[in-house]
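See below for the structure under consideration.
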Amino acid sequence: MLTRIVEDRVYDYGHVVGGRIFMGVYTIALGHGSNVFAIVRGPYSAKVVKLTIGEIPDDEEIIVEFGERGEGSGQFTWPAGIAVD
């Protein structure tokens with residue numbers, strides 16, 4: 001784990017999501033177990049990704065991706081948040 005102190009705030013980093021598997025992670029929501037849901041967006045794409053996170057960096061596994069950029073059914077214009085029930 002990496003710990004950084006910036007302006008009297010402590011930040012502990014245990015894992016980084018993204019990097020080599022996908023870039024453009026905008027926000028995440030934690031699901032049950034090791035499931036994570038992420039909104040991934042870029043200049044020409046927008047989607048939701050369900051993945052699991054392992055014990056070591058770069059040990060993510062994408063379970064499913066859905067959605068695309070657009071204004072129709074199953075499409076996103078500019079997603080900004082996600083919630084898991």
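Here, each number is a calculation from the coordinates, and none is a lab measurement. Everything numeric in this text was worked out from a predicted model, so none of it was measured. Counting neighbours? That spans all protein chains shown, and the Cβs are built from the backbone with ideal geometry, glycine included.
Residues of the range 50-85 that are among the aromatic types (Phe, Trp, Tyr) and either over 14 Å from Val25 (Cα atoms) or within 12 Å of the chain's Cα centre (by Cα) (or both): Phe66, Phe76. Filtered by the rule that a residue be in contact (Cβ under 8 Å) with a residue 24 or more places away in the chain, touching a strand residue (DSSP E or B) at 6+ places or on another chain (Cβ under 7 Å) and on the phi > 0 side of the Ramachandran plot, the range 47-79 gives no residues.
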